[in-house]
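The values are calculated or read from the model by the stated rules, or taken from the named source; none is laboratory data. Just so it is clear, the model here is predicted, and its values are computed rather than measured. All Cβ positions, even for glycine, are placed from backbone atoms using ideal geometry, and neighbour counts span all protein chains on display.
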Amino acid sequence: MKRIIQKIKTISKIQLLALVLIIIGAAIMIPKATGMLDFYKEVRYAAEHDFAAGNLSPDLLRPWMSIRYVAVAYAVPEKYLFDAVGVNPKKETSLIALNRLNRQKGLGQAGGAPVVMTTVRDAILSYRANPVATGLIEQKVEGWMTVQYIANSTGIPAEAFFTGTGIAPDGNANKPLDFLSDEIKYSGGPSALVTAIQKVLDTQGKKP
């Protein structure tokens, strides 16, 4: 222990500062790298199964998906899923993977899968049988949302958003606004498209 302390004392202030910065940098980058891997997995899975086509099979649900991911992929309002699962609607809980959420609630397994997945699957089927416009829990349009998700959440037809923004509806209803903006090269970029969609929502006289 003494030898370690002596070695530390021989390190210059500049070297010590560099070491601290490296440690801090690593602490910041590791979670970001993990986040990037998760994002890549989510995007790749969506592309492989053609999420943009809509009307996904509930069989495509996976334990690593979050409530937000499921909500936008299946165009089911987040609040509807939160109510089904029995979780408070917050950003933090919307981004937790289903398998982790299952552990937190102590729900156990059923057929080799987290019980919460069965709950979410049933909620998707129930929503499709009887759609309910719950509103946007975020109280505003965000780039991760799709036109169809916003339409289903607010009760405003998707056609109204396409007409209001001048975007062709074919094949674009189930693409996240950030991706859609880049794909069609929307003037002003993603933020401009989000603003345009929000304007349509506001002019329809509907509260998000």
Checklist entry - Being over 19 Å from the mean Cα position of the chain (by Cα), in contact (Cβ under 8 Å) with a residue 40 or more places away in the chain, surrounded by 14 or more Cβ atoms within 10 Å (Cβ to Cβ) and not in a helix (DSSP H, G or I), is that true of even one residue in the stretch 107-119? => result yes
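What about D50, is it closer than 21 Å to N174 by Cα, modelled with pLDDT under 85 and not hydrophobic (A, V, I, L, M, F, W, C)?
So D50 fits the description; yes.
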Checklist entry - Listed residues I137, I124; which is modelled with pLDDT under 95, surrounded by 16 or more Cβ atoms within 10 Å (Cβ to Cβ) and not assigned by TED's automatic domain parsing to the domain that holds S191? => result I137
Checklist entry - Within the stretch 185-199, can one find any residue that is assigned to a loop (DSSP other than H, G, I, E, B), at positive phi and out of contact with any Ser or Thr (no Cβ under 9 Å at 6 or more places or on another chain)? => result yes
Checklist entry - Could you list, in sequence order, the residues of the stretch 90-106 that are surrounded by fewer than 17 Cβ atoms within 10 Å (Cβ to Cβ), at pLDDT below 90 and within 15 Å of the chain's Cα centre (by Cα)? => result K90, K91, E92
